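To keep things clear, I will list the structure first and then write my remarks on it.
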Amino acid sequence: MKVAEYVPRYGLLMNLDHTISVQDKNLPVKELLKYYPELELSDDHVKQLDTIDLSSLYTGLNQIFVNEEIIIAILQNLLDAYIHRGGDSLTWLSSTFQRFHENPQNFSPELRHIVEGYLVKMMHNLTFPATAPAIGFLNPKSLTSYSSRKKKPAFNTLLEAFNNVSDYQQVMAKLQDKGFCTGSGTWHDYRPGWKLIVVSLVKWLAIYGFCKKAKFTISEIQSICTNTFKTENISSSTITHVNPSPKEFSYLFNELKKTIIVSIIPFLALLVDALVIDCLVCLVC
């Protein structure tokens, strides 16, 4: 096949300097894909490229703070990018699952559980799409009512609300390190009134510029707390009256805020915000 016909599974090799020899040309992979669309690739060339691409994924995922929200967002963006380049979603999902399943030694049990769970769920949804709910055929009132009931907050999790993944990763790592929450995001009941502290945290992060907007609606705060920190239901009155600036968060994140400004891993933001995915292997360069 020609270079132009090659569709990389993950696209992570498009930013790599690894070289490959094609027709007496020893070229960096990124130059091959960008500047030599007419060169012919043998089966061995394709295998080499796939191996480089896959190893980049392995390396990157194993360096990321293991959090289900982050990992799923990364996988979803890689899948979207593959489809955007002309690939088939079921091919990507089944191939990725097979590679993870055959190489369990390359991942922590927690990371493998998250990845394989996501892949299986996506393959099931593609194979057995959910039937449309009964909403009142051609009944405008039913349609309007259904639309209103199904409407979700603009931000349903803290990851969605954050400016980028690297900021989110560092905040969650800091919270875990200080004993506020677990690796899965679940909030510890470290003192009475813990739900108030979770609401305070979400408000504080928004006000101090970690999030895409400075103020969340009540429904957004309810969803973010429930889905990110696994809290119980929080009443609207509680959310309304909680002070957004507890001293413990100012103390925790003053230093973190400075670090984020000059973050050494800005590429993680690209995994959420762009379809063209830069290489994860940059993390360890």
### Task
With respect to residue 6, determine if the residue is over 30 Å from residue 157 (Cα atoms), of a type in the set (Ser, Thr, Tyr) and exposed (fewer than 12 other Cβ atoms within 10 Å of the Cβ).
no
### Query
When you scan segment 74-86, how many residues do you find that are of a type in the set (Gly, Ala, Ser) and surrounded by 15 or more Cβ atoms within 10 Å (Cβ to Cβ)?
1
### Task
Test residue 97 against the stated conditions and say whether it is modelled with pLDDT of 85 or more, aromatic (Phe, Trp, Tyr) and in the same structural domain as residue 80 (by TED's automatic domain parsing).
yes
#### Entry: Contacts under 8 angstrom Cβ, first residue in segment 204-226 being closer than 18 Å to residue 181 by Cβ, partner of a type in the set (Asp, Glu) and part of a helix (DSSP H, G or I), 6 or more apart
210/167
### From the options 197, 234, 239, 221, residue that is in the same structural domain as residue 253 (by TED's automatic domain parsing), in a loop (DSSP other than H, G, I, E, B) and buried (at least 16 other Cβ atoms within 10 Å of the Cβ)
234
#### Entry: In segment 166-206, the residues that are in contact with a Phe, Trp or Tyr (Cβ under 9 Å, 6 or more places away or on another chain) and among the hydroxyl-bearing types (Ser, Thr, Tyr)
166, 168, 186, 190, 200
### Task
Pick out the one residue from 94, 21, 89 that is without any contact (Cβ under 8 Å) to a residue 12 or more places away in the chain and surrounded by fewer than 17 Cβ atoms within 10 Å (Cβ to Cβ).
21
### Query
List pairs: first in segment 57-75 and farther than 26 Å from residue 156 by Cα, second crowded, with 21+ Cβ neighbours inside 10 Å and among the aromatic types (Phe, Trp, Tyr), Cβ under 6 Å, 6+ apart or cross-chain?
57/10
### Query
Given the conditions (1) outside the structural domain of residue 109 (by TED's automatic domain parsing); (2) within 30 Å of residue 175 (Cα to Cα); (3) charged (D, E, K, R), and given that residue 69 satisfies all but one, which numbered condition is not satisfied?
(1)
### Task
Can you tell me which residue among 64, 71 is surrounded by 15 or more Cβ atoms within 10 Å (Cβ to Cβ), under 15 Å from the mean Cα position of the chain (by Cα) and not in a helix (DSSP H, G or I)?
64
### Query
Within the bounds of segment 19-26, is there any residue that is outside the structural domain of residue 158 (by TED's automatic domain parsing) and under 26 Å from residue 170 (Cα atoms)?
no
### Task
From (1) crowded, with 20+ Cβ neighbours inside 10 Å; (2) under 14 Å from the mean Cα position of the chain (by Cα); (3) in contact (Cβ under 8 Å) with a residue 24 or more places away in the chain, pick out the condition that doesn't hold for residue 160.
(3)
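The values are calculated or read from the model by the stated rules, or taken from the named source; none is laboratory data. Because the structure is predicted, anything quoted here is derived from the model rather than measured. As a convention, Cβ positions derive from the backbone with ideal geometry for all residues, glycine included, and neighbour counts pool all protein chains shown.
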